[in-house]
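Accompanying notes for the structure given below.
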Amino acid sequence: MKLSALTKVAAIGGLAALTLTSCAANESGSTAPTDGNSSSLAGELVGAGASSQGSAQEAWVAGFQTTHADVTVNYDPTGSGAGRETFQQGASAFAGSDRAFKAEEISAGPFQACAPDTGIVEFPAYISPIALIFNVEGVDSLKLDASTVAKIFSGSITKWNDPAIASQNEGVALPDQNITAVHRSDESGTTGNFTDYLAAAAPNDWTVGSIESWPTEFGGEGAQGTSGVVEAVTNGVGTIGYADASRAGELGTVEIKVGDEYVAYTPEAAAAIVDASPLEDGRTDHDLAIKLDRNSTEAGVYPIVLVSYLVGCEQYADSANAELVKEYFSYIVSEEGQKVAADAAGSAPISADLRTKIQPAIDAIS
């Protein structure tokens, strides 16, 4: 697989811009703690990938460089697919991705930054609840099960006062108003995770599976990016969409039925579904790909989440990269690193239990 010219140009331009951001971060300081000791670590660390991690990466870079002033970290948020491609081609030392590498992708290899015949390290680093946001006058919150959500977004339910909605929301004044379902017009990890939930939790009503590009046969209104979806829902009438929960603002939001209860999105509930889900089978000890249990009935879990990964090498061809990646990854998954991401991006900090599983994988990097 060749790295496309467009990807190369985007990476060069993005990394140049982020170099300026990194320098500014060093000059402005950070809230990250420091013990007053200067670090001996030095060099340039290049990463690329998921735009979902963009704000978190800016916060991580600022915090990390507070105690590692001689390290320049550049992260280019070109998107998950481009990030995986860049990493495979050895143009970056690590990648951010809104999904883990598939087993067949790993087998096909190679990963140019890694030493020959060595594996990869990947783990969840960024967890974000995906909120269902809506704009219906006089209604601030709704309760919906998976089947109803699937029917709304596939176009089977077209009115807000449909019995399937009304029966779950007794006492709510639902209007006889058309529903406009807003979806991402671009390929996105947010769409992939939302449709993965629908495919798992309502397979009879959502029959197109887990996909990152919206099925045009379902109609609705398309909008570019998270900002576009939020804008379309905000400015529309009778609209509903899906977006990173940190962008919900003053819009109405949906509690999702889990087991016998309805659960609102919270950072704690988003982190809980990750802890309640098993690791994928057939992975190495340092490949912590999560098989999200979208059908979990455990109390307090919110099943519509985006889990974004960090990916590196078990053994690097360049030992300098190994030292930098190991230190940077350790900072990201630390309690402090997760806190600065939550403050900056509204993400859900990983649990202490998940951290104990991740750190040995990071420690194995050489």
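The values are calculated or read from the model by the stated rules, or taken from the named source; none is laboratory data. Note that this is a predicted model, so its numbers are computed, not measured. Methodologically, a virtual Cβ is constructed for each residue, glycine included, from the backbone with ideal geometry; neighbour enumeration extends over all protein chains shown.
Would region 234-241 turn up any residue that is at pLDDT 95 or above, part of a helix (DSSP H, G or I) and either surrounded by 17 or more Cβ atoms within 10 Å (Cβ to Cβ) or not β-branched (Val, Ile, Thr) (or both)? Let's see the steps before the verdict.
Within region 234-241, the subset at pLDDT 95 or above is 234-241.
Now narrow it down to the ones that are part of a helix (DSSP H, G or I): 234-235.
Retained after the next criterion (residues that are either surrounded by 17 or more Cβ atoms within 10 Å (Cβ to Cβ) or not β-branched (Val, Ile, Thr) (or both)): 235.
Yes; the residues of region 234-241 include at least one that is at pLDDT 95 or above, part of a helix (DSSP H, G or I) and either surrounded by 17 or more Cβ atoms within 10 Å (Cβ to Cβ) or not β-branched (Val, Ile, Thr) (or both).
Being touching a helix residue (DSSP H, G or I) at 6+ places or on another chain (Cβ under 6 Å) and buried (at least 21 other Cβ atoms within 10 Å of the Cβ) is true for just one of Ala150, Ala164. Which residue is that?
Working: Ala164 fails: buried (at least 21 other Cβ atoms within 10 Å of the Cβ).
One residue alone meets the criteria, Ala150.
Of everything in region 97-113, what is assigned to a loop (DSSP other than H, G, I, E, B) and in contact with a Ser or Thr (Cβ under 8 Å, 6 or more places away or on another chain)? Give them in sequence order.
As a first pass, look at region 97-113 and keep what is assigned to a loop (DSSP other than H, G, I, E, B): 98-102, 109-113.
The answer is Asp98, Arg99, Ala113.
How many residues are among the hydroxyl-bearing types (Ser, Thr, Tyr) and over 26 Å from Gly225 (Cα atoms) if we restrict to region 73-121? Final tally of qualifying residues: 2.
Here Val263, Val254, Val233 are screened, and the one residue that is β-branched (Val, Ile, Thr), out of contact with any helix residue (DSSP H, G or I) (no Cβ under 8 Å at 6 or more places or on another chain) and in contact (Cβ under 8 Å) with a residue 12 or more places away in the chain is Val233. Screening Val121 with (1) in a helix (DSSP H, G or I); (2) surrounded by 24 or more Cβ atoms within 10 Å (Cβ to Cβ); (3) not assigned by TED's automatic domain parsing to the domain that holds Gly228 gives one miss only, at (1). Being in contact (Cβ under 8 Å) with a residue 12 or more places away in the chain, in contact with a helix residue (DSSP H, G or I) (Cβ under 9 Å, 6 or more places away or on another chain) and farther than 30 Å from Thr297 by Cβ is a property that Glu221 has.
Of all residues in region 68-84, those that are in a helix (DSSP H, G or I) and either among the hydrophobic types (A, V, I, L, M, F, W, C) or closer than 18 Å to Asn321 by Cα (or both) total 3.
Checking each residue in region 190-209 for being part of a helix (DSSP H, G or I), more than 13 Å from Leu292 (Cα to Cα) and touching a helix residue (DSSP H, G or I) at 6+ places or on another chain (Cβ under 8 Å) picks out only Thr190. For region 40-70, filtered to residues that are of a type in the set (S, T, N, Q) and more than 21 Å from Ala345 (Cα to Cα), the residue that is surrounded by the fewest Cβ atoms within 10 Å (Cβ to Cβ) is Ser40. Selection within region 210-227: residues that are assigned to a loop (DSSP other than H, G, I, E, B) and either out of contact with any His (no Cβ under 6 Å at 6 or more places or on another chain) or small (Gly, Ala, Ser) (or both). The member of this set that is nearest to Lys143 (Cα to Cα) is Gly220.
Hey, among Asp343, Asp281, which residue is surrounded by fewer than 20 Cβ atoms within 10 Å (Cβ to Cβ), at negative phi, out of contact with any strand residue (DSSP E or B) (no Cβ under 7 Å at 6 or more places or on another chain) and touching a residue at least 40 places away in the same chain (Cβ under 8 Å)? Step through it out loud before you land on a result.
Working: Asp281 fails: touching a residue at least 40 places away in the same chain (Cβ under 8 Å).
The conditions single out Asp343.
Within region 129-147, identify whether any single residue is part of a helix (DSSP H, G or I), in contact with a helix residue (DSSP H, G or I) (Cβ under 9 Å, 6 or more places away or on another chain), at pLDDT 95 or above and not β-branched (Val, Ile, Thr), and answer yes or no. There is at least one residue in region 129-147 that is part of a helix (DSSP H, G or I), in contact with a helix residue (DSSP H, G or I) (Cβ under 9 Å, 6 or more places away or on another chain), at pLDDT 95 or above and not β-branched (Val, Ile, Thr).
Going through (1) loosely packed, with under 15 Cβ neighbours inside 10 Å; (2) under 28 Å from Ala202 (Cα atoms) one by one, Leu142 falls short only on (1). Annotation: of all residues in region 171-186 being free of Cβ contacts under 8 Å to residues at least 40 places away in the same chain and surrounded by 15 or more Cβ atoms within 10 Å (Cβ to Cβ), the one that is nearest to Val136 (Cα to Cα) is Leu174.
I'd like to know if region 295-310 contains one or more residues that are out of contact with any strand residue (DSSP E or B) (no Cβ under 6 Å at 6 or more places or on another chain) and under 30 Å from Gln89 (Cα atoms). No, the conditions are met nowhere in region 295-310.
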